[in-house]
Amino acid sequence: MEKVKNDSPNEMEKKWYDYWMKNDFFSSTPDEREPFTIVIPPPNVTGVLHMGHMLNNTIQDVLIRRARMLGYNACWVPGTDHASIATESKVVNLLREQGINKYDIGREEFLKHAYEWKEKYGGIILEQLKRLGASCDWSRTRFTMEPKLNEAVIQSFIKLYNKGYIYKDWKIVNWDPKAQTTLSNEEVIRKEEQSKLYYVKYAIKDSDDFITIATTRPETIMGDTAVCVHSKDDRYKHLHGKTAIVPMVNREIPIICDDYIDIEFGTGCLKVTPAHDINDYEIGQKHNLEIIDTINDDGTMAEAAQIFVGEDRFVARKKAGEKLAEMGILVKTEDITNNVGYSERNPDTVVEPKLSLQWFVKMDEMVKPALENVMNDNIELFPPKFKNVYKHWLENIRDWPISRQLWWGQQIPAYYYNEANDYVVAETKEQALILAKEKSGNVNLTLDDLRQDEDVVDTWFSSWLWPISVFDGFGDEGSKDFDYYYPTNVLVTGWDIIFFWVARMIFAGYEFKNEKPFKHVYFTGMVRDKQRRKMSKSLGNSPDAIGLIDTYGADGVRFGMLSCAAAGNDLLFDEALCEQGSKFSTKMWNAFRLVKSWEVDETLQAPESANSIINWFEQRLSETLVSINDNFSKYRLSDALMSTYKLIWNDFCSWYLEGVKPDYQKPVSPTVQEATVVFFEKLLRVLHPFMPFVTEELWQNLRDDRKEGDTIMLQEYPASDLSSIGWSLLKDFDYTTSVISEIRTLRKSKNIPNKDQLELYVKLNGISVQPYEELLKKLTNLSKIEYVDDKVEGAFSFVVKSNEYFIPLAGNVDVEAEIEKIKADLEYVKGSLAIANKKLSNEKFVAGAPEQVVAAEQKKKADAEAKIKVLEEQLASLI
């Protein structure tokens with residue numbers, strides 16, 4: 001296979017991804033193996049790859065690649081979501097640019113345009129995921145509006161309706177005036193912002209008296225149908241049962257009493273506007289008040305408002321304030337901080353509470369198994385802190401409004417058969433006709449008499465079925481795929497859609513299949529910049545995802561994302577981490593070149609130094625694998641990656657290869673060469689789930705016997721056995737590295753070339769023998785190691801644990817010059833100690849200075865005393 005230089009990662013990545021695809025390595029079909037299944041959170045067809053996608057899908061790919069190597073039948077199902085509001089908005093805007101209004105061309109023609117747009121743009125993000133290395137089974141790609149998935153949505157609607165869980169009713173809903181559709185509570189983003197509180201006088205009928213009411217929405221005054229006070233508020237007892245006059249429109253309304261009123265807020269009086277506030281609506285229902293809807297679907301003032309008709313609601317707010325002031329009934333305005341709801345899909349649009357006839361799903365029974373099975377860990381959340389968030393929401397859940405006033409989506413299967421809008425619910429129009437005849441008793445009804453409901457269901461009402469529907473789990477004929485792959489193993493998603501999607505999939509799993517949809521849920525955090533700001537186009541802090549891959553390679557970007565991605569915590573992304581990942585690839589390439597450059601002499605025996613470090617690295621690899629596997633079991637992928645990184649960079653490249661590599665232009669023994677290749681292969685297999693491309697490239701070329709159809713991704717993941725780890729070997733090696741570091745520090749500080757040999761004298765106080773003697777000689781270029789009973793005079797000394805080491809400097813350094821240097825250093829440090837002592841002996845300083853300042857001086861004193869001791873010992877050894 002053609003080798004690709006490590007400085008062209010994009011070329012290498014394309015080569016290997018094409019190779020994987022050609023050999024169908026990602027595909028999965030049911031067999032005798034245990035499945036490991038992940039369904040992708042389907043990105044919107046309107047989407048392009050962003051940082052959140054890269055994090056989420058990298059994590060999924062790591063998990064699926066590792067499962068594949070562990071012998072599972074790994075199946076990662078990709079797909080896209082039709083995204084009702086976002087896609088319809090795109091298509092409407094596209095048609096508008098062509099001078100076309102969707103209502104002029106009708107539903108059927110509009111849907112043709114929408115499908116054309118989806119076919120042209122909807123697959124972009126999936127192709128971009130391939131650049132990232134995603135090993136999805138692309139033959140299983142699904143779309144939430146493909147025929148079978150549409151059927152699943154319709155069937156689930158009918159089942160819930162027949163069970164009494166779906167109903168149609170007038171309620172206050174969250175209305176998006178820009179998209180002109182209903183939103184669920186979870187699709188409303190609450191923001192604190194500065195608003196004005198208007199204090200307005202309402203005249204009392206047949207009296208010179210008035211009542212003052214505080215409101216943030218004077219544009220809704222025209223829809224008032226009562227004034228409400230608290231029954232125990234003495235200020236207004238004289239007004240009980242009286243009539244007030246609505247300002248600007250002069251309509252009479254009753255003054256009523258209700259304990260809902262907060263006596264402390266504003267003036268303690270409430271204008272009741274049942275059509276435009278959920279709490280006002282409930283008061284209106286309780287007191288049988290008239291409902292006057294004064295705002296149109298597009299956010300303009302309706303005819304019922306009588307004034308400002310056709311004006312935008314916010315323009316009407318300003319004009320209402322001005323008119324009230326002109327009338328002399330605006331007492332004052334106050335600046336307040338108000339909690340305002342915005343549309344999640346149209347972030348610049350304030351949601352309008354609006355009375356509307358909509359379809360709802362009853363949630364009170366459906367939440368019970370979903371709550372029980374998360375709280376008892378039948379479904380485990382990682383990190384578990386999200387259990388409380390989940391519990392709070394489910395215990396306070398409201399019925400789910402599922403109808404959306406759109407055309408792009410699954411049309412609600414309700415059919416009206418008379419002018420009274422009586423309806424039946426059925427899968428097809430033909431089935432509906434049979435039901436309509438039965439329900440109405442009118443045997444003369446025809447298909448032409450039926451009108452299907454114009455609305456579509458909420459996008460989440462289709463995606464809540466995703467783990468079931470992607471395996472064709474709906475329908476009477478059954479599904480071999482569903483029986484084999486469901487429930488899935490893990491869902492990887494952002495915590496921000498725990499209510500939108502995660503909880504609802506759990507509802508659907510137990511409602512339709514009496515089984516959980518997944519065993520684990522791994523919540524990723526939000527991707528933020530180094531300043532903890534959320535990434536956004538407006539701030540200019542969101543990198544181009546594909547641009548990062550072009551610059552650092554997919555492996556580098558995957559490393560960068562995962563190295564700072566703790567479960568459930570926000571990821572503070574720094575592009576330097578991608579650069580670090582790229583350098584990591586280079587490090588492995590350099591190790592590869594070193595190993596491949598060795599000449600093997602079959603007659604050579606491995607030296608003791610090599611044998612000892614081979615034994616050590618085998619133990620270190622096992623020890624690290626135990627830690628890596630433990631981190632994977634807890635979804636601590638960042639920790640698992642860092643352990644792998646240190647194992648390769650520090651233990652393998654910095655210690656192992658240095659310990660076994662032959663002297664310059666000397667051959668290596670076959671034992672050392674084979675052990676090194678075996679270790680290298682294992683390391684590549686451990687790293688492969690994180691960095692698939694460079695590991696495939698190096699693995700393919702590490703041995704000469706690879707053949708077409710071979711791949712690292714189907715190699716066995718290295719096993720670990722905690723019981724077989726030689727802990728004493730590891731402990732002795734760590735000790736020896738401390739000795740090596742001290743000797744290297746000496747060479748550097750004294751400018752002693754590495755080619756110059758040193759003698760080492762060891763006075764053992766804590767151990768019986770210096771471990772790894774031959775390795776110590778090799779890595780520090782010692783001519784000898786000799787054990788002594790007494791200190792060696794005229795030698796540089798250091799202590800590791802309780803053992804003393806001496807290196808004679810005669811012949812390597814100018815002893816007299818070294819003595820003078822130590823004396824100068826000693827004098828300087830003693831001066832620093834004197835300054836610290838002077839400050840600390842000053843009672844005013846100690847009593848008056850901040851605690852951290854005093855602590856800093858105490859640390860300076862301790863550091864100086866320790867340094868003086870070291871310098872005095874070094875000086876004594878040289879004199």
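Each residue in the stretch 793-810 was checked for being in a loop (DSSP other than H, G, I, E, B) and in contact with an Asp or Glu (Cβ under 9 Å, 6 or more places away or on another chain), and 1 of them qualify. None of ILE263, ILE283, ILE292 is out of contact with any helix residue (DSSP H, G or I) (no Cβ under 7 Å at 6 or more places or on another chain) and buried (at least 18 other Cβ atoms within 10 Å of the Cβ) except ILE283. When SER463, SER479, SER440 are checked against the criterion of being in contact with an Asp or Glu (Cβ under 6 Å, 6 or more places away or on another chain), surrounded by 13 or more Cβ atoms within 10 Å (Cβ to Cβ) and free of Cβ contacts under 8 Å to residues at least 24 places away in the same chain, a single residue qualifies: SER479.
Scanning the stretch 579-619 for residues that are outside any helix (DSSP H, G or I) and either in contact with a strand residue (DSSP E or B) (Cβ under 9 Å, 6 or more places away or on another chain) or free of Cβ contacts under 8 Å to residues at least 60 places away in the same chain (or both) turns up TRP598, GLU599, VAL600, ASP601, THR603, LEU604, ALA606. Exactly one residue among ILE506, ILE434 is aliphatic (A, V, I, L, M), out of contact with any Ser or Thr (no Cβ under 6 Å at 6 or more places or on another chain) and in contact (Cβ under 8 Å) with a residue 40 or more places away in the chain, and that residue is ILE506.
If the condition is being farther than 14 Å from GLU88 by Cα, outside any helix (DSSP H, G or I) and modelled with pLDDT of 90 or more, then the stretch 101-133 contributes only GLY133. Among the residues making up the stretch 294-331, those that are part of a loop (DSSP other than H, G, I, E, B) and either in contact with a Cys (Cβ under 8 Å, 6 or more places away or on another chain) or among the aliphatic types (A, V, I, L, M) (or both) are ALA302, ILE307, VAL309, MET327, ILE329. Residues that are at pLDDT 95 or above and among the acidic types (Asp, Glu) were ranked within the stretch 659-698; the one that is farthest from the chain's Cα centre (by Cα) is GLU674. If the condition is being open to solvent by less than 70 Å² (accessible area, probe 1.4 Å), under 21 Å from MET145 (Cα atoms) and of a type outside the set (Phe, Trp, Tyr), then the stretch 98-119 contributes LYS102, GLY106, ARG107, LEU111, HIS113, ALA114, LYS118. Report whether or not THR181 is open to solvent by less than 30 Å² (accessible area, probe 1.4 Å) and modelled with pLDDT under 90. Yes: the conditions hold for THR181.
For the stretch 36-49, enumerate the residues that are at pLDDT 85 or above, in a loop (DSSP other than H, G, I, E, B) and either among the aromatic types (Phe, Trp, Tyr) or in contact with a Ser or Thr (Cβ under 7 Å, 6 or more places away or on another chain) (or both). Correct list: PRO41, PRO42, PRO43, VAL45.
A residue that is closer than 26 Å to GLN405 by Cα, in contact with a Lys or Arg (Cβ under 8 Å, 6 or more places away or on another chain), modelled with pLDDT under 95 and loosely packed, with under 14 Cβ neighbours inside 10 Å cannot be found anywhere in the stretch 321-337. Can you find, within the stretch 661-704, the residue that is nearest to CYS564 (Cα to Cα) among those that are touching a Pro at 6+ places or on another chain (Cβ under 9 Å) and aliphatic (A, V, I, L, M)? Only one residue fits best here, namely VAL686.
The values are calculated or read from the model by the stated rules, or taken from the named source; none is laboratory data. Values in this document were obtained by computation on a predicted structure and should not be read as measured data. Because the Cβ atoms are built from the backbone with ideal geometry, glycine has one as well, and the counts that use them run over all protein chains shown. SASA here: full protein model, heavy atoms, side chains in, ligands and nucleic acids out. Shrake-Rupley method; radii C 1.70, N 1.55, O 1.52, S 1.80 Å.
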